[in-house]
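All remarks here apply to the structure that follows.
Quick note: the coordinates plus some simple rules give every number you see, no bench work behind them. In this text the structure is predicted, and so the values were computed from the model without any measurement. All Cβ positions, even for glycine, are placed from backbone atoms using ideal geometry, and neighbour counts span all protein chains on display.
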Amino acid sequence: MAKSRKSQEEIAIEAINHALKALRKRHLLEEAAHAPAILALSRPIISQGSEWKEKAENLELELQQCYKAQSRLSEQLVVEVAECRVSKGLLQEKETAIVDMQKELTELRDECCQLKTDLEQKVKEVELLLGENSELKAHLEQMTIKANAAEAENKMLIDRWMLEKMKDAERLNEFPPPLATTNLRQGTCGAHKANALYEDMVQRLKASGLEQLAREQVDGIVRRSEEGAEFFSESDIPSNCKYRLNAHEGGCASLLFEYNSSKLITGGQDRSVKVWDTNTGSLSSSLNGCLGSVLDLTITHDNRSVIAASSSNNLYVWDLSSGRVRHTLTGHTDKVCAVDVSKVSSRHVVSAAYDRTIKVWDLMKGYCINTIMFPSNCNALCFSVDGQTIFSGHVDGNLRLWDIQSGKLLSEVAAHSLAVTSISLSRNGDIALTSGRDNLHNLFDVRSLEVCGTLRATVNRVASNWSRSCISPDNSHVAAGSTDGSVHIWSISKGEIVSTLKEHTSSVLCCSWNGMGMPLASADRNGIVSIWS
């Protein structure tokens with residue numbers, strides 16, 4: 001029992017000693033942890049105040065530096081914002097430029113496509129021209145063969161005729177002896193008559209054969225010559241007013257001469273068409289039945305029919321011998337301002353109206369056989385010499401060429417800066433004269449459609465959209481009226497005015513030269529027609 005108690009006391013003592021050691025160790029640790037605080041508390045209060053003051057000064061210095069840094073950053077921020085705005089503006093300009101360039105690129109692509117289409121059309125036209133050229137060459141070869149055959153036939157006929165004349169001469173020489181002396185003079189006279197007949201026959205063969213064929217063959221195309229071409233003479237420059245006719249009330253817009261005749265046909269706002277004898281200045285006949293003002297006239301090459309373009313939207317065809325209306329051609333929806341008939345066939349007529357159409361009519365049938373549509377109104381038109389092409393002058397100033405069979409546009413050229421008022425061809429069809437509201441009179445080479453001459457004068461001013469000028473039959477002069485009542489005549493070779501005719505008191509609307517060279521006729525806005533010689 002005593003041992004057990006002793007052992008328990010030892011254990012308790014050891015536990016107490018262990019606890020004391022732990023307490024001491026903890027105390028040492030706590031004392032080491034609180035040592036800085038105790039040291040600080042042990043310092044004087046004055047030293048602590050100086051440290052705080054230093055810290056405050058340092059903090060104030062740092063705060064000032066922060067303010068300075070903040071101001072610099074603010075300035076940089078303002079600069080960056082301004083640069084950002086400038087960059088944004090430049091970006092918008094670039095975007096706008098990109099949009100414009102895209103639009104321009106689209107337009108250029110469209111233009112390229114259009115040019116490509118035009119090029120294809122031009123290639124087709126060139127191919128067509130080459131084909132026509134080959135056909136014309138073949139036709140020329142055929143005509144050459146025919147001419148050679150005709151020449152051989154003429155030679156054979158001449159030989160046969162000579163043989164017959166030789167036989168006639170032998171028969172004349174076979175008189176009975178008693179009559180030989182008596183009829184010697186008669187035989188000599190008969191031989192002379194035979195020789196005269198032979199020479200006359202040769203001249204007729206030449207006139208009706210090769211020489212006529214060569215005369216008709218122009219530019220590789222054999223065309224029918226106009227009847228009465230042998231009556232053509234060189235055009236003199238007119239200077240005197242032979243007659244002054246009170247032709248129409250309200251103005252005369254169109255006039256023309258019959259082929260190979262001195263008769264003049266006029267049309268006016270009084271809805272009448274009149275035929276005048278320019279040799280006497282008298283009225284030959286009047287053609288009535290038109291329901292509107294006459295704006296243009298044409299006549300068939302056989303002088304049988306007169307066609308008038310009217311403001312009543314119709315065309316009227318008169319039989320010139322009887323004076324009766326043969327046809328009234330209807331189909332236009334606005335005033336008809338231009339008309340022409342084929343120079344090859346009296347069957348085909350073309351007309352232009354302010355409904356933006358050109359119509360091709362068949363006079364034998366009396367109705368329209370083709371209609372051509374275009375974007376600009378047509379003021380004037382005419383047929384080519386071969387009757388296969390239509391020349392038209394438009395309000396937009398362009399000269400256009402159309403194929404009469406297909407109605408396709410063959411060519412187009414800017415002839416004037418303002419509206420075209422007149423188109424006329426030279427006698428041989430090589431030169432086209434156009435007049436315009438820009439007061440210019442241009443001469444075009446029909447083959448190339450290039451301007452080969454321009455006639456102008458400050459005193460010459462075109463009076464209306466349908467003022468008609470003309471070329472002299474010998475292709476040497478151009479006549480055109482002016483708003484001051486004058487008629488100016490240019491020399492084509494010199495390009496200058498060689499004569500000024502003054503008789504009218506109002507604007508001259510149209511001029512026409514007789515196909516035989518003289519006279520020249522002009523008409524004004526008061527309906528007065530002057531005949532110049």
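Would you please give the FRET efficiency between residue 430 and residue 364, computed as 1/(1 + (r/R0)^6) with r the Cβ-Cβ distance and R0 = 25 Å, to the nearest 0.05? Don't skip to the end; give the middle numbers.
Details: r = 30 Å, r/R0 = 1.21.
Efficiency, rounded to the nearest 0.05: 0.25.
How high is the FRET efficiency from residue 410 to residue 106, r the C-beta distance, R0 35 Å, rounded to 0.05? Each step should come with its number before you reach the end.
Details: r = 31 Å, r/R0 = 0.89.
The computed FRET efficiency comes out at 0.65.
Determine ³J(HN,Hα), in whole Hz, for all residues of the range 114-128 in sequence, where each value follows from phi through the Karplus function 6.51 cos²θ - 1.76 cosθ + 1.60 and θ = phi - 60°; x replaces Gly and Pro.
Karplus-based 3J(HN,Hα) across the range 114-128 equals 5, 4, 5, 5, 4, 4, 4, 5, 5, 4, 4, 5, 5, 4, 5 Hz.
Could you give each residue of the range 398-404 its phi-based ³J(HN,Hα) in whole Hz, using Karplus coefficients 6.51, -1.76, 1.60 with θ = phi - 60°, and x for Gly or Pro?
Whole-Hz 3J(HN,Hα) from phi for the range 398-404: 9, 9, 10, 10, 10, 7, 5.
Report the Rg/Rh value for the range 385-533, based on alpha-carbon coordinates and the Kirkwood definition of Rh.
Values: Rg = 14.9 Å, Rh = 15.4 Å.
My calculation of the ratio gives 0.96.
At q = 0.13, 0.15, 0.22 Å⁻¹, what log₁₀ I(q)/I(0) does a Debye calculation on the Cα points of the range 448-533 give, no solvent, two decimals?
Summing over Cα pairs of the range 448-533 leads to -0.38, -0.51, -1.06.
Compute the separation of the alpha-carbon centres of the range 230-305 and the range 375-394 and state it in Å as a whole number.
Cα centres, the range 230-305 to the range 375-394: 22 Å.
Once Lys and Arg get +1 and Asp and Glu get -1 on their Cβ, which of 342, 321, 357 lies farthest toward the positive end of the dipole of the range 320-368?
Positive-most Cα among the choices belongs to 321.
Rounded, prolate or oblate: pick one for the range 49-136, where a ≥ b ≥ c are the square roots of the eigenvalues of its C-alpha gyration tensor, a/c under 1.5 means rounded, and failing that, prolate if a/b is larger than b/c, else oblate. Walk me through the intermediate numbers first.
On the way: a/c = 15.00, a/b = 10.38, b/c = 1.44.
Verdict is prolate for the range 49-136.
Highest mean first, how do 141-154, 238-251 rank when packing is the count of other Cβ atoms within 10 Å averaged over residues? Don't jump to the answer; show the numbers that get you there.
Working: 141-154: 12.6, 238-251: 16.9.
Sorting 141-154, 238-251 by mean packing, highest first, produces 238-251, 141-154.
Dipole magnitude of the range 224-367 about its Cα centre, charges +1 at Lys/Arg Cβ and -1 at Asp/Glu Cβ only, in debye to the nearest 20? Mind dumping the intermediate values first?
Details: 15 positive and 16 negative charges, 85 e Å.
That gives a dipole near 400 debye.
Calculate one ³J(HN,Hα) per residue across the range 54-67 by plugging θ = phi - 60° into the Karplus curve 6.51 cos²θ - 1.76 cosθ + 1.60, and present them in order as whole Hz with x for glycine and proline.
Working through the residues one at a time gives 4, 4, 5, 4, 4, 5, 5, 4, 5, 5, 4, 4, 5, 4 Hz.
For residue 408, enumerate residues with amide H under 5 Å from its amide H, sequence gap 5+ or separate chain, H modeled in the peptide plane.
403
Once you compute Rg and the Kirkwood Rh from C-alpha atoms, what is the Rg to Rh ratio for the range 91-148?
Details: Rg = 24.5 Å, Rh = 15.3 Å.
Ratio of gyration radius to Kirkwood radius: 1.60.
With a ≥ b ≥ c taken as the square roots of the eigenvalues of the C-alpha gyration tensor of the range 294-415, please select rounded if a/c is under 1.5 and otherwise prolate if a/b is larger than b/c or oblate if it is not?
Values: a/c = 1.89, a/b = 1.45, b/c = 1.30.
In terms of gyration-tensor shape, prolate.
Could you order peptides 344-357, 7-20 by the average number of other Cβ atoms within 10 Å of their residues, highest first? Show your work: numbers first, answer last.
Details: 344-357: 20.1, 7-20: 9.9.
Output ranking for 344-357, 7-20: 344-357, 7-20.
Can you give me the long-range amide H partners of residue 462? Hydrogens built in the peptide plane at 1.01 Å from N, cutoff under 5 Å, separation of 5 or more residues or another chain.
Here the answer is 439, since their amide H atoms fall under 5 Å of that of residue 462.
Could you pull out every residue, at least 5 positions away or on a different chain, whose amide H is within less than 5 Å of the one on residue 334? Hs are placed 1.01 Å off N in the peptide plane, and Pro or chain starts have none.
Amide H neighbours of residue 334, under 5 Å, 5+ apart: 354, 355.
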